[in-house]
1. For A:Leu148, indicate whether it is buried (at least 17 other Cβ atoms within 10 Å of the Cβ) and touching a Ser or Thr at 6+ places or on another chain (Cβ under 6 Å).
2. Suppose we filter B:Gly42, B:Gly73 for residues that are farther than 15 Å from A:Arg50 by Cα and open to solvent by 10 Å² or more (accessible area, probe 1.4 Å); which single one remains?
3. In segment B:167-185, how many residues are surrounded by fewer than 18 Cβ atoms within 10 Å (Cβ to Cβ) and within 30 Å of A:Arg127 (Cβ to Cβ)?
4. Evaluate segment A:5-13: report whether one residue or more is under 23 Å from B:Cys27 (Cα atoms) and of a type in the set (S, T, N, Q).
5. Check B:Phe19 against each of (1) outside any strand (DSSP E or B); (2) open to solvent by less than 20 Å² (accessible area, probe 1.4 Å); (3) in contact with a Ser or Thr (Cβ under 6 Å, 6 or more places away or on another chain) and name the one condition it does not meet.
6. Would you mind telling me which numbered condition in (1) over 20 Å from B:Arg77 (Cα atoms); (2) open to solvent by 10 Å² or more (accessible area, probe 1.4 Å) B:Ala206 fails?
7. Do you know which residues across segment A:22-39 are surrounded by fewer than 19 Cβ atoms within 10 Å (Cβ to Cβ) and touching a Pro at 6+ places or on another chain (Cβ under 9 Å)?
8. Looking at B:Gly153, B:Gly170, B:Gly209, which is the one that is within 18 Å of the chain's Cα centre (by Cα) and either at pLDDT 95 or above or among the aliphatic types (A, V, I, L, M) (or both)?
Protein chains: 2
Amino acid sequence: MGGPSIAFLVFDGLTPLDFVGPFEVLCRLPGATTRIVSPSGGDIAAAGGRMRVGADAAIAEVEAADVLIVPGGPGARTLMHDPAVTAWVARIAASARFTASVCTGALILGGAGLLDGREANTHWAARPLLKTFGAVPVARRIVDHGTLFTAAGVSAGIDLALLLAARIAGEDVARAIQLRIEYDPQPPFDSGSAETADPRIRDLSATVG
Amino acid sequence: MGGPSIAFLVFDGLTPLDFVGPFEVLCRLPGATTRIVSPSGGDIAAAGGRMRVGADAAIAEVEAADVLIVPGGPGARTLMHDPAVTAWVARIAASARFTASVCTGALILGGAGLLDGREANTHWAARPLLKTFGAVPVARRIVDHGTLFTAAGVSAGIDLALLLAARIAGEDVARAIQLRIEYDPQPPFDSGSAETADPRIRDLSATVG
């Protein structure tokens, strides 16, 4: 009995948690097979060159996946204009059961033509860019079109992945994964939403980007 | 003006989110320098061999750090008995301003002799093991001894790192990082705590470990 095949796009300029949040959840799905896919198949430099992550395959080697996860990071602003990458994303998404972005991964989905005329979200600081791709920016943590999902910035990928896990394997399995990763969040501060953040903190956040 | 030097121990059998949650928060501290440190200095295999992560240095090459982060994963149960690793952890912790574990990283701190007679936490499923090291297991998400911290499983590392960020750089900076990673958690289910989880889900969670 086969579990889902899950492809994660990674690239230079990746924000590591965008990728690892969903990976940690989805790799635990019963029978799941994962492929970490980079444009060239080589290792990628995440977090501004502070972290190197290995890839399993180049985009040219991956023909299909049941689930496609597209994380973000500063590098997404280059990839959204890279025709080899956007064509690959469009091709995989065409037959995938679920395609989902985290953070500015939405810009890559946009470049692949997947957001035209649709509501979508991305990192709050990049939200206006979605209009470039014909999308309708909304501030929801997860924008759910049934087979296509866009999540808010960085840590939103964990919430997204639990939702996907439930769609793929049922709510009990998703709840079991949530328990296993002890995702009972207790942030020490209440400062995670751009809608409610103090403007002073919002300005300061540009220095920790 | 120097920011903190932060060392992250990584190893074969790492749970990736244990490491990447704190990394994503702490690498954003103004002026921070990060070192990803593996026992041999080579790449490590995380998530049961599904993900390869590069290291910057071997433990033998790192003499000191302001902050030491010790994540967990199945490999921690080997490392807690590895004298080269536990001696290194003890040595770095002796002069570090902050030493913190996530998940079963606490077992490595235990092996290093840092938890003897102290309250500590770890992944809920490993909590009884803490007594092996003379620690007093408690079910708090973060156990804070001022310079020594142990956090609960996997995702608790994000909460821990925001607390550390505030201690290191002040609450405004920590709040700005929280906003930047859009950590406004909205789990689709309420199933992240072993204290309140349905026993049926707790049993099922052993299959997604």
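1. yes
2. B:Gly42
3. Matching residues across segment B:167-185 total 3.
4. The answer is no, given that none of the residues of segment A:5-13 is under 23 Å from B:Cys27 (Cα atoms) and of a type in the set (S, T, N, Q).
5. The one condition B:Phe19 does not meet is (3).
6. Unmet condition: (1).
7. Listed by number, the residues that qualify are A:Gly31, A:Thr33.
8. B:Gly153
The values are calculated or read from the model by the stated rules, or taken from the named source; none is laboratory data. Just so it is clear, the structure is predicted and the values come from calculations on it, not from any experiment. Counting neighbours? That spans all protein chains shown, and the Cβs are built from the backbone with ideal geometry, glycine included. Calculation scope for accessible area: heavy atoms of the full protein, side chains included, ligands and nucleic acids excluded. Shrake-Rupley method; radii C 1.70, N 1.55, O 1.52, S 1.80 Å.
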